[in-house]
1. Pick from ASP102, ASP187, ASP18 the residue whose mean-square fluctuation is largest in a GNM of the chain, springs joining Cα atoms under 10 Å.
2. Evaluate the charge dipole of segment 3-227 about its Cα centre and quote only its size in Debye, nearest 20, assuming +1 on the Cβ of each Lys and Arg and -1 on the Cβ of each Asp and Glu.
3. Give me the net charge of GLU218's neighbourhood, meaning all other residues with Cβ under 12 Å from the Cβ of GLU218; Lys, Arg count +1, Asp, Glu -1.
4. Please find, in a Gaussian network model of the chain (springs between Cα atoms separated by less than 10 Å), the residue of SER215, SER19, SER191 whose mean-square fluctuation is greatest.
5. How large is ³J(HN,Hα), in whole Hz, for each residue of segment 163-174 in order, when computed from phi with the Karplus curve 6.51 cos²θ - 1.76 cosθ + 1.60 and θ = phi - 60°, using x for Gly and Pro?
6. Using a simple charge model, +1 on the beta-carbon of Lys and Arg, -1 on the beta-carbon of Asp and Glu, nothing else, what dipole does segment 1-110 show about its Cα centre, in debye to the nearest 20?
7. Run through every distinct alpha carbon pair of segment 4-99 and return the Kirkwood hydrodynamic radius in angstroms, one decimal place.
8. Give me the percent of Cα-Cα pairs in the chain that sit more than 26 Å apart, rounded to a whole number.
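None of the figures in this text is laboratory data; all of them are computed from the coordinates on show. Keep in mind the model is a prediction, meaning the values are calculated, not measured. Note: ideal-geometry Cβ built from the backbone for every residue, glycine included; neighbour counts use all protein chains shown.
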Amino acid sequence: MDETQYSRLSSVNRQAWDSLYGKTQDLVWGAEPVGFLAEFQPDISHRIGPCAQALDAATGEGRNLTTLLEWGMRVVACDASSHGMMKMPPSLAGQIKRVISDLYSLPFRDSQFDFVLASDIIETLPSPERALSELQRVLRPGGLMLCNIPGMEDGISSIEMNAIDDNQYLFREHFFYQFLTEAQAIDLLISSGFRVIKSSLCSWIENAHPEFRDSEHEHTSRVFLVERPA
């Protein structure tokens with residue numbers, strides 16, 4: 001797939017996510033945080049001090065924001081979808097900074113953040129290496145990023161998906177997904193300038209997502225805690 005095709009696919013994909021958030025007043029992902037955060041909290045707290053500056057990248061409707069605030073972090077939430085950002089709980093409005101931005105070009109200075117959360121996003125990006133390069137740029141040397149990168153073992157990997165390239169699919173003809181092996185995921189992270197500190201194969205149950213997935217389903221995903229080397 002050439003650069004023009006990737007650019008077009010990225011645009012269509014971005015519009016599809018924004019349209020999804022605008023279709024329903026319900027929270028598409030629900031109010032509970034993603035299922036792997038608790039396992040990694042001790043490792044993150046051990047390495048990142050109190051009042052750390054955190055970026056919740058592609059926050060969506062902000063399902064993970066309350067958890068980051070409970071960890072004592074000062075949080076910036078960014079997403080390309082204005083519809084998603086508008087659905088964040090009003091109680092969070094005075095506690096976080098909201099920025100509408102594509103991950104391929106972040107409006108933040110170099111080394112601005114101590115911690116980045118990239119939850120359930122890398123597999124949805126047609127050009128994940130471009131986004132990871134930006135996330136590495138805005139993370140300070142010694143800072144941490146927590147992300148997940150699912151492989152074909154994930155419970156959603158073959159459901160209503162049409163293959164468009166090796167390990168690349170469209171869900172319901174609009175939403176891009178890419179599933180990587182553990183080795184491919186590690187290569188992607190290392191080539192983007194990160195050092196892997198810890199990885200774990202995590203499974204969790206998600207409820208149905210309004211306008212997106214019709215029933216309860218299980219996710220299995222490789223989760224990585226990585227560092228930008230000092």
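1. The residue that fluctuates most here is ASP187.
2. 920
3. The answer is -3.
4. The residue that fluctuates most here is SER215.
5. Working through the residues one at a time gives 5, 10, 6, 4, 6, 10, 9, 10, 8, 6, 6, 10 Hz.
6. Details: 10 positive and 13 negative charges, 65 e Å.
That gives segment 1-110 a dipole magnitude of about 320 debye.
7. 14.5
8. 32
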